[in-house]
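Below is one structure; the comments refer to it alone.
We did not get these values from a lab; they are worked out from the coordinates using the rules stated. Predicted model, so just to flag it, every value in this text is computed and none were measured. FYI the Cβ positions are ideal-geometry reconstructions off the backbone, even for glycines, and counts take in every protein chain you see.
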Amino acid sequence: MCSGMDLIVLMPFYNEEKQIPVTVERMVPLLDGLGLSYSLLLVNDGSSDGTWKAITESSEKYPSRVRGISLSRNFGKEAAICAGLDVADAEAVILMDGDLQHPPELIPEMIRLWRDEGFEIVEGIKSNRGREGIFSKVQAKLFYGLFYRLSGYDLSDASDYKLLDRKVVLKWRTLREHNTFFRGLSAWLGFRKTNFSFDVAERQIGRSRWKLSSLLRLSLHAIVSFSAVPLHLISFIGAIFLVGTIILLIQTLFNYFSGVAAGGFTTVIIVNLAVGACVMISLGLIGTYIALIFDEVKNRPRYIISEDTRMSREPDDHSESLSTGKEP
């Protein structure tokens, strides 16, 4: 059963203690003006600084407006999103970055498209990626281009800035894979969808916590989670080398029966190195898929919630939903 709340705005945070009060003080007046029942759901992704303290202070200042949950450790942004969506109980959920690079002033338009136009997913598309390094832009372009060719889903300039109708959130909860890719899975779910454009705002406090290694790992997991094409490429590479082997065999036999001495020691070395490289790459791809399967079959939870500001105010309320990930 729905709690009767109209809107929940979900924001994951990691080591953003100084950003929390700035975000809350900007969001509360804006949401108050919408004439909806709402709450901010702030997820602390196992931060090592005072992020959780800042969230609890905001919750105490706005007890009916701000709810915070804290994960037992840093599980990653995707897991933090899952935790928020599992406990969010409203007619619609808006997911946005807590650093305000997703302009909150566009929320009224998102609400209009949802309520008046009947769209079940309202997604923000980046018209300007902001002050992003050239390497990050190239990496994003390569990833989304490769992802589209391998999976068929065009996520170019897509973002996590989305409004999800309640029915979409409920279907999201039925997706139980451990390694999630929110942008890809929200596209896979379907439903009636529309887009709006926005310019990525500059961060006012701190800088992005994303590391290159984390981005590359997320990109790799996203691709292998949505496509088996890389595995088929192994067979394609093998077929190419088989054709090359047949050609070399024919040439060698022709030279032998023609009385021409066989030579080309350098060619043999190059061929062996090429074959070895292809074998190692193939084993790496297979190993990546096996590792993901290994994570799934262990069936560990995506996240563990250690604290909840609502629980501290309302003992034993929603305890079952938090432990199982089911709807309250």
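In terms of overall dimensions, the stretch 5-59 has a Cα radius of gyration and Dmax of 11.5, 36 angstrom. Within straight-line reach of K126, meaning a Cα separation under 18 Å, sit the following aspartates and glutamates at least 8 residues removed in sequence or on another chain: D97, D99, E105, E109, D154, D157, D160, D199, E202. With neighbour counts taken as other beta-carbon atoms within 10 Å, the residues L106, L85 rank, fewest first, as L106, L85. Please give the residues of the stretch 150-189, grouped as numeric ranges, whose backbone N is less than 20 Å from a label point set 7 Å along the Cα-to-Cβ vector of M5. Output list for this probe position: 161-174. Using 0.36 nm per residue of separation minus the Cα-Cα distance, give me the extension gain between V138 and R26 in nm, one decimal. Net length gain for the segment: 37.0 nm. You can think of it this way: the chain between I240 and R149 has 30.7 nm of extra reach, that is 0.36 nm per residue less the Cα-Cα gap. If the viscosity is 1.306 mPa s and the temperature 10 °C, what Stokes-Einstein diffusion coefficient in µm²/s follows for the stretch 19-94 when Rh is the Kirkwood radius over Cα pairs? In µm²/s, the coefficient is 122.
Projecting label points 7 angstrom from Cα along Cα→Cβ for L283 and R112 puts them 6.0 nm apart.
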